[in-house]
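J.: Quick one: structure below, then a few questions.
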Amino acid sequence: MCGIIGCTGVKCASEILYKGLEDLEYRGYDSAGIAVLEGGRITAVKKKGRVYALKRAAEQLCGTSGIGHTRWATHGRPSDENAHPHTYGGFSVVHNGIIENYAELKEELIAEGHTFSSQTDSEVVVHLLSKYYRGDLKEAVLAAVRRLKGAFALCILCSRYEGFVAVKYRNPIIVGAGGEALYAASDMPALAGLAESVAVLRDGQIAFASDGKISFCNFSGEPESLTFSPVPAAARGARLCGFPHYMIKEINEIPAAVKNTVHAFTDDKCFSVISRAAKKRGGFKDILLCGCGTAYHSALAAAYFAEDILGVPARAETAGEFRYRKSAAGAGTLFVAVSQSGETADTVEAARAAKEAGAFVLAVTNVPYSALTGIADAVVPVRAGTEVCVAATKSYCGQVAALALVIASLKGGSVYPRMIEELKDIESKCAAAISDCGVEAAARACASSSGVYFIGRGIDYPVALEGSLKLKEVSYVPGEGYPAGELKHGTIALIDGGTLTVAMITDRKLGEKTASAVEQIYSRGGRAAVVCASGCAPKTLLERAEFFIEVPSCKSCLSPIVSVIPLQLIAYRTAVILGRDPDKPRNLAKSVTVE
Ligand code: G6P
């Protein structure tokens, strides 16, 4: 959700910044901009649209210090004027986050004679800097940040300072060093090819980078120290490696994501950490799982199998809802925060709230140095590798694997080693599901439908939700995921010959029940298709289906890892058939760091 970058001490700042913005583009692609400092003058270029729209203008700039931004619009529509950097009175600023008190600050500054040129909340920052600057940059930065409410990661350029300033409050910023050069960026992969060592700024810290040196202070101006360490291997950026899109590349990486997640769980001794935490509390009374988007769907799948395996109440909730309601989470609660990025504002704040309520907070995340890991009592790594496509695929499968291991650890006995063995088997089942060739006809059917509804019962319901989300986000074909039994309570009103319903069946016991829901669709003139585990769907259902795809059957709690794959592939192919960009769907961003 907005990517920011800064550099100093480099040969050509604009070249570095442009390349960095390409790596950060998954965070938002409404507009992009760069400002550089050359001979005590700031020059900025900014453009609505994707980063490549900036290429020509960026090539005209050089300078040895600069800042850059790629935007996901919150305040002010995507336009050239609302693009960052915002430049005023010898300062230029890029911002990730939301300045909640911007309206009152703007009013105050306008009354003092400042002229604004955008509708953004962010522009107030550059005006505050110019207001407070009396020849001392540090004083101006401190005075400005103390006026801000909300969430902000900033990179600042000042025409009288050969370098940049980075500020962190609630949104991420990482600083890096390589030779004489210093950098800052919203995430590690953008720095991976540039910096040799990195340090993650903590909330309320400011970095001043100039002349090959970097110093830190807090918002009171007191010096702080930060330790640099080598760029972690997990932060390596990703490349397409011959695939046409990251989405299909990342689906192909699912077997490796599951395998590496299982290894990480054992390497990091997660079993002992979890069982010790449970023992200390005399066992957890209840389990609460939170996440957003796809991470919420893996949390929901885990809630189903947690109750099944452990027999304790387990519930999944979207993090944005959990935050703002009175919850019963307490000292006996295991709170599991699931997030690919570990940065999603709602999930991070939900984890903070659960911790304050006394719960034991477990973070299940793909990013080991994320904000979520800083809050959690313990971390269970997902090792899906860098995920670039905005729509999550391999991270979902990694999350379900990690969550199954968490629950097996809580159960103990022979369940844990058996789960490890089952997960080893899953890798080849995933590979078989990826190579299925029935997807093309399915995608053509979805592309020509006015709506696609996914239905399932039990563990298939969270997968139906995820299948529907995937299709909507990358192809824009409308639809919904529904519990199969709920269809007749409303959604059936939407069924006609233009709609397609995809029934998910991976549990033989529930096959006949879901088949009855499909009969109701046929009776209303609707079309239906089936995605099932082999041997689980009634033969008569498959004979009548517009298409059916079979995946290898496996243990119920792990079935979402395999059964989601055809749905991801269908979404991908539907997007391609309809001429959409599956990696960067309209209006979305991969990392949602604002509320
Ligand atoms: C955004 C992305 C989704 C993702 C969700 C949660 O909405 O577009 O793909 O599932 O954020 O992200 P997280 O990093 O917390 O898993």
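The values are calculated or read from the model by the stated rules, or taken from the named source; none is laboratory data. Quick caveat: nothing in here was measured; it's all calculated off a predicted structure. Here the Cβ positions follow ideal geometry from the backbone for every residue, glycine too, while neighbour counts run over all protein chains shown. Surface accessibility is based on the protein's heavy atoms, side chains included, excluding ligands, DNA and RNA. Shrake-Rupley method; radii C 1.70, N 1.55, O 1.52, S 1.80 Å.
J.: Do you know which residues across segment 265-287 are open to solvent by 40 Å² or more (accessible area, probe 1.4 Å) and β-branched (Val, Ile, Thr)?
T.: Those that are open to solvent by 40 Å² or more (accessible area, probe 1.4 Å) and β-branched (Val, Ile, Thr): THR266, VAL273.
J.: I'd like the residue in segment 450-471 that is in a helix (DSSP H, G or I) and touching a Pro at 6+ places or on another chain (Cβ under 7 Å) and, out of all such residues, is surrounded by the fewest Cβ atoms within 10 Å (Cβ to Cβ).
T.: Only one residue tops the list, namely TYR461.
J.: Name the pairs whose Cβ atoms lie under 6 Å apart, with the first residue in segment 576-595 and under 26 Å from GLY150 (Cβ atoms), the second open to solvent by 50 Å² or more (accessible area, probe 1.4 Å) and within 12 Å of the ligand (Cβ to nearest atom), and 6 or more positions between them or separate chains?
T.: Listed pairs, sorted by first residue: ALA589/TRP72.
J.: Yes or no: segment 155-174 includes at least one residue that is of a type in the set (Phe, Trp, Tyr), touching a residue at least 40 places away in the same chain (Cβ under 8 Å) and buried (at least 24 other Cβ atoms within 10 Å of the Cβ).
T.: yes
J.: Something else now. Collect the residues in segment 517-543 that are farther than 21 Å from GLY479 by Cβ, outside any loop (DSSP other than H, G, I, E, B) and out of contact with any helix residue (DSSP H, G or I) (no Cβ under 7 Å at 6 or more places or on another chain), keeping them in residue-number order.
T.: Passing the criteria: LYS539, THR540, LEU542, GLU543.
J.: Could you tell me which numbered condition TYR369 fails, if it satisfies all but one of (1) within 30 Å of SER556 (Cβ to Cβ); (2) open to solvent by 40 Å² or more (accessible area, probe 1.4 Å); (3) within 15 Å of the ligand (Cβ to nearest atom); (4) modelled with pLDDT under 95?
T.: The failed condition is (1).
J.: Among the residues of segment 574-592, is any within 16 Å of the ligand (Cβ to nearest atom), within 24 Å of ILE248 (Cβ to Cβ), part of a helix (DSSP H, G or I) and not small (Gly, Ala, Ser)?
T.: The answer is no, given that none of the residues of segment 574-592 is within 16 Å of the ligand (Cβ to nearest atom), within 24 Å of ILE248 (Cβ to Cβ), part of a helix (DSSP H, G or I) and not small (Gly, Ala, Ser).
J.: For segment 546-563, what are the residues that are out of contact with any Pro (no Cβ under 9 Å at 6 or more places or on another chain) and either within 12 Å of the ligand (Cβ to nearest atom) or assigned to a helix (DSSP H, G or I) (or both)?
T.: The answer is SER556, CYS557, LEU558, SER559, ILE561, SER563.
J.: Then there is this: What residue, among those in segment 312-347 that are small (Gly, Ala, Ser) and open to solvent by 30 Å² or more (accessible area, probe 1.4 Å), is nearest to the ligand (Cβ to nearest atom)?
T.: By that ranking, first place goes to SER327.
J.: Next question. Could you please tell me which pairs satisfy a Cβ distance under 6 Å, a separation of 6+ or placement on different chains, a first residue in segment 11-27 that is of a type in the set (Ser, Thr, Tyr), and a second residue that is part of a helix (DSSP H, G or I) and crowded, with 22+ Cβ neighbours inside 10 Å?
T.: Listed pairs, sorted by first residue: SER14/ALA58; TYR18/ALA58.
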